[in-house]
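Asks: Just passing along the structure, written as structure tokens.
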Amino acid sequence: MREYFTSLNASAMTYTLTQPLAVDQFIAQYGDDCRYELADGELINMEPTGPHETVSGKLAMQISIGITAAQYPWFIPRACLIQPFADVATARRPDVVVLDETFLGNEPLWQREPVITLGRSIKLVAEVVSTNWETDYARKVEEYALFGIPEYWIIDYRGLGGVRFIGKPKQPTFTVCQLEGEEYRQQQYRLGEAIESKLLPHLQLRLDDILPC
């Protein structure tokens, strides 16, 4: 299948295909490749940088400590795709996703491949912001809320987001989105501030703790 660029920035490229990809086609071709996710049939090359992966890795470690302290039956998979809507050709690959193992028996694809189709299987997702920050602050906020994910964290360690999302002056920001009804209530944290999560009461985390050296 031929591919060509529709947009290009420092961290993500969107490919328009001769024909849009269905989710099952995407999983078959790119399911094992952590560089890609799917949005409305378009292939997204995330191209994460080293510092991006540093933040993701440190965050996953801190979340794992909080899960262990609370003795929850949750875990962070090494690789996981989220298919939020059955009728939309979209498959997200969050930087960090926390799954509730007690619900995975109901997942229709899980025994064959790490794909989540039921929102109740997910406790938390986190996205580390790159230059394609609009997706993290806008579209994914809507998608993850509609999917029923209790918490969504946005880690904007470089302060890249628009002023309407992180305020002025722009600075590194950690946003915790907690689901209330069908929408997220958002709380922002800056450097030096202790981050609070209803899901992880034992969490001891500041944005400073996960920054790259």
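Asks: On a C-alpha basis, how far is the centre of region 63-88 from the centre of region 95-154 in Å? Whole number, if you could?
Replies: Cα centroid to Cα centroid, the span is 8 Å.
Asks: Please list the three semi-axes, largest first and in whole Å, of the ellipsoid equivalent to region 49-210, using sqrt of 5 times the eigenvalues of its alpha carbon gyration tensor.
Replies: Working: eigenvalues 118, 68, 42 Å².
Each semi-axis is √(5λ); the values are 24, 18, 15 Å.
Asks: Show me 90-101, 48-59 ranked by packing, highest mean number of other Cβ atoms within 10 Å first. Can you show the working numbers first?
Replies: On the way: 90-101: 21.5, 48-59: 16.8.
Output ranking for 90-101, 48-59: 90-101, 48-59.
Asks: By DSSP, what percent of the beta bridges with both residues in region 49-210 are antiparallel, rounded to the nearest 5? List each step's numbers first, then the result.
Replies: Numbers: 21 of 28 bridges.
About 75 percent, rounded to the nearest 5.
Asks: A follow-up question, please. Over the Cα atoms of region 30-127, what radius of gyration and what Dmax do you get, in Å?
Replies: 13.7, 40
Asks: Is it possible to state the helix-based mean residue ellipticity at 222 nm for the chain, with each DSSP H run of 4+ residues giving -39500 (n - 2.57), the sum divided by total residues, to the nearest 500 deg cm²/dmol? What is it?
Replies: -5500 deg cm²/dmol, from helical runs alone.
Asks: What percentages make up the Cα-Cα pair-distance distribution of region 146-213 when the bins are 5 Å wide from 0?
Replies: Per 5 Å bin, starting at zero, the Cα-Cα P(r) for region 146-213 comes out as 3, 17, 25, 24, 18, 11, 2, 0 percent.
Asks: Ordered by packing density, taken as the mean number of other Cβ atoms within 10 Å over each peptide's residues, highest first, how do 77-83, 195-201 rank? Don't skip to the answer; put the middle values down first.
Replies: Working: 77-83: 17.9, 195-201: 16.3.
Top to bottom by mean Cβ count within 10 Å: 77-83, 195-201.
Throughout, read-outs are computed from the coordinates displayed, never taken from laboratory work. Everything numeric here is computed off the predicted structure, so don't read it as measured data. Cβ: placed from backbone, ideal geometry, glycine included. Neighbour counts: every protein chain shown.
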